[in-house]
Amino acid sequence: MPSLSRPEQRVSGFAHGVVDYVCKPFDAYEVKARVRAHLQIKRMRDQLIEVAGSAKGANTAHLKIAVTIADQLVKPLDRMIELIPQLTSETDPLKVRGALTIALDDLRRSKATCDRLITAAKGGAGGKPPS
């Protein structure tokens, strides 16, 4: 293999993906130090890829949780949207009272869910955000 003695040859090599080079005559200690450095970089790169994969999995899990929560919160809202037009034309006070009681129970459950989520997001009862 030809020697890369000219700077433009080395620059061209770097432009084509070379990450390091050793000049002749080489020093064994320098070569070992460079190999150790590149192995460390490889390990850190692999760890970064692993962490990124874990983060992606966590984001997917959070998205699934968010969809589940939204689904549970939207049900009482849908029921209210259906109920309010019906109540505007209902004349029987007992039916109106019963429907409003059901709606109020649904809204209270949704509010309790929201309160639990807010508490959890703040890090529990202490109100501190998770670290």
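The values are calculated or read from the model by the stated rules, or taken from the named source; none is laboratory data. The model shown is predicted, which means the values in this text are computed figures rather than measured ones. Positions of Cβ are generated from backbone atoms using ideal geometry, with glycine treated the same way; all protein chains shown enter the neighbour counts.
Looking across 76, 93, 85, one residue alone is under 26 Å from residue 118 (Cβ atoms), of a type outside the set (A, V, I, L, M, F, W, C) and more than 20 Å from the chain's Cα centre (by Cα). It is 76. Tally up the residues in the stretch 91-121 that are exposed (fewer than 14 other Cβ atoms within 10 Å of the Cβ), among the acidic types (Asp, Glu) and in contact with a helix residue (DSSP H, G or I) (Cβ under 8 Å, 6 or more places away or on another chain), please. Here the count works out to 0. Take the residues in the stretch 9-25 that are surrounded by 10 or more Cβ atoms within 10 Å (Cβ to Cβ) and not in a loop (DSSP other than H, G, I, E, B); name whichever of them is modelled with the lowest pLDDT. For the stretch 9-25, the residue satisfying everything is 10. Annotation note: of 37, 33, 28, the sole residue that is loosely packed, with under 10 Cβ neighbours inside 10 Å, at pLDDT 80 or above and over 20 Å from the mean Cα position of the chain (by Cα) is 28.
Within the stretch 105-131, residues that are charged (D, E, K, R) sit with their Cβ atoms under 8 Å from residues that are in a loop (DSSP other than H, G, I, E, B) and at pLDDT below 75, at 6+ positions apart or across chains, in these pairs: 122/128; 122/129.
Within the set 95, 75, 56, 64, the sole residue that is on the phi < 0 side of the Ramachandran plot, basic (Lys, Arg), in contact (Cβ under 8 Å) with a residue 12 or more places away in the chain and in a helix (DSSP H, G or I) turns out to be 75.
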